[in-house]
Every structure is written in C-alpha cells, then in structure tokens.
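A.B. asks: Here it is, the structure, as structure tokens.
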Amino acid sequence: MHLDLVHWTLTLIKAEKFIQLTLHRLNSSNLRGCKIIMRIVVTFAGIVILSCLYIVRTLPIAANFQNHAANEIPQSCTVTKPPKPPFVPPAPYPSDGQVWIGSPKLWTDIPKDGVWRGLPHYTSDDTRFRQKVFFWSEGYDWRNENPPELTITGTRLDGTAPPLSSDDHANAGWTNDSKHPFIVDGVFIPTAGCWKITGRYKGQELSYVVGVAN
C-alpha cells in the first residue's frame, strides 16, 4: 500500500511540473487564469486519487480485522442470545441497559452479542482471564446472609481446559439501593473459547453460554 501511494504521489508531482512548464512557455497574460485553474484541477485530482487508493487498500484490512474478531469464537459456539420475550427484573431492581436472563428467583445479565472481549488478567504473570459476574435474587438480604451462598462454575465446550475457578466466596453489593442488592463473584477463566457459566443459589440454577475472546 505504501509503495502504491509513493508511486501515485511521484506521478502527480511530475504531471504538475509538466503542466507548469508548459504554461510557463505560454508566457501570455491572458493565460494567467488558466494557470490557476489548471493548478487547482491537478491538486484536486491528486487528492481524489490518493483518497480513493487509500480507501480501496484499507477495505481488505478492515474486513480481515472483522473476520479475525469473528473467528476468535468458533461458529459452533451457540452463545446465549437475548430471550424473546425479554426477561425484565422485578421492580425496583435495575432493569435498563442490559440483557437479562433468568427468573425472579435468580437472574443475571449477559453480553448482547454473547462475547466477552478485552478481559484483563489478575496479575501480569497470570494467563487466566478475570471477570466479575453479577447475579440477583428477589428478596436477598445482605444483612442476614453475608457472604451470600452463590456458587459459580464454568466448563469449556469447544476444547480441553481446566474448569473455571472463582474467589473464595461471593459478595454483596449495591448501587443506590442497599435494600435490593446484587451478588457478585470474581471468576478466573483459564483460556479463550466457548464457555458455559452456571450460577447456583438456594436450589436455583441458571446457566448461559458465552464466548471469551483474546
């Protein structure tokens, strides 16, 4: 791409010099306007050609980038999609801006496209991916149950990998309403791939499939 740009740039410079030389030889005052017009035309044509060349050359790069992102998760990974009809958490729990699955006894949010991207590592020498997983249960009271009895497990579906691990215990939290808290647990995902995540709480079980991208 860079060689093509250099080639076209040199060609335009040569063309402009040729036109300038030709107009200089036509040393007539009534051609001054023509000189200005020709210079504008050459400059504009150069901008158009360089812009078109850049767009044509970068389209395959963008397509390859999108294909690479899509290929990070195998097509065989049937990630959990937003339910139809959508599940709406009971009021006054938060219900906006997320994709929810589950029931009033146990629910969680999932990514809209079913993929977790850009997950961090807990430490620089830890190759596992770190994620915070949130669950809700109507009626859960952190003052009577702390830490909460939520457990989270995970299994890779598209390859061999150690099971997902989690922190020693889950924790309670809330944003503006301590009477309607969430339950959160930190998990460690050993590898990228297709993962089935399962949360269990007081006899309730909720699972979903998510892709973990590098």
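A.B. asks: Would you be able to say whether some residue in segment 183-198 is crowded, with 19+ Cβ neighbours inside 10 Å, more than 26 Å from Ala213 (Cα to Cα), at pLDDT 95 or above and in contact with a Gly (Cβ under 9 Å, 6 or more places away or on another chain)?
C.D. replies: Within segment 183-198, not a single residue is crowded, with 19+ Cβ neighbours inside 10 Å, more than 26 Å from Ala213 (Cα to Cα), at pLDDT 95 or above and in contact with a Gly (Cβ under 9 Å, 6 or more places away or on another chain).
A.B. asks: Could you identify the single residue in Asp141, Asp158, Asp167, Asp177 that is at pLDDT 95 or above and either more than 26 Å from Ala213 (Cβ to Cβ) or of a type in the set (Lys, Arg) (or both)?
C.D. replies: Selected residue: Asp141, the only one of Asp141, Asp158, Asp167, Asp177 that is at pLDDT 95 or above and either more than 26 Å from Ala213 (Cβ to Cβ) or of a type in the set (Lys, Arg) (or both).
A.B. asks: Taking segment 137-173, which residues are of a type in the set (Ser, Thr, Tyr) and in contact with a Ser or Thr (Cβ under 6 Å, 6 or more places away or on another chain)? Working first, answer last.
C.D. replies: Filtering segment 137-173 down to residues of a type in the set (Ser, Thr, Tyr) leaves 137, 140, 151, 153, 155, 160, 165-166.
Matches in segment 137-173: Thr153 only.
A.B. asks: How many residues are assigned to a strand (DSSP E or B) and over 28 Å from the mean Cα position of the chain (by Cα) if we restrict to segment 116-161? Give the steps one after another, and end with the answer.
C.D. replies: Residues of segment 116-161 assigned to a strand (DSSP E or B): 116, 129-136, 151-156.
Add one more test, that the residue is over 28 Å from the mean Cα position of the chain (by Cα), and what stays is none.
Counting residues in segment 116-161 that are assigned to a strand (DSSP E or B) and over 28 Å from the mean Cα position of the chain (by Cα) gives 0.
A.B. asks: For segment 169-214, what are the residues that are over 15 Å from Val133 (Cβ atoms) and either out of contact with any strand residue (DSSP E or B) (no Cβ under 7 Å at 6 or more places or on another chain) or hydroxyl-bearing (Ser, Thr, Tyr) (or both)?
C.D. replies: Matches in segment 169-214: Thr175, Asn176, Asp177, Ser178, Lys179, His180, Pro190, Thr191, Lys202, Gly203, Asn214.
A.B. asks: Just one of (1) surrounded by 13 or more Cβ atoms within 10 Å (Cβ to Cβ); (2) under 23 Å from Ala172 (Cβ atoms); (3) in the same structural domain as Cys194 (by TED's automatic domain parsing) trips up Tyr93, so point out which.
C.D. replies: Of everything listed in (1) surrounded by 13 or more Cβ atoms within 10 Å (Cβ to Cβ); (2) under 23 Å from Ala172 (Cβ atoms); (3) in the same structural domain as Cys194 (by TED's automatic domain parsing), Tyr93 misses just condition (3).
A.B. asks: In this structure, is Gly154 in contact with a strand residue (DSSP E or B) (Cβ under 7 Å, 6 or more places away or on another chain) and buried (at least 16 other Cβ atoms within 10 Å of the Cβ)?
C.D. replies: yes
A.B. asks: For Pro111, are the conditions met, namely being modelled with pLDDT under 95, more than 14 Å from Tyr201 (Cβ to Cβ) and surrounded by 14 or more Cβ atoms within 10 Å (Cβ to Cβ)? If you could, list the steps in order and put the result at the bottom.
C.D. replies: Numbers: modelled with pLDDT under 95: no; more than 14 Å from Tyr201 (Cβ to Cβ): yes; surrounded by 14 or more Cβ atoms within 10 Å (Cβ to Cβ): yes.
No.
A.B. asks: Exactly one of these conditions fails for Glu145: (1) more than 26 Å from Thr123 (Cβ to Cβ); (2) crowded, with 16+ Cβ neighbours inside 10 Å. Give me its number.
C.D. replies: (2)
The values are calculated or read from the model by the stated rules, or taken from the named source; none is laboratory data. All of these numbers come straight from a predicted model, not from anything done at the bench. With ideal geometry, Cβ positions are generated from the backbone for all residues, glycine too; neighbour counts draw on all protein chains shown.
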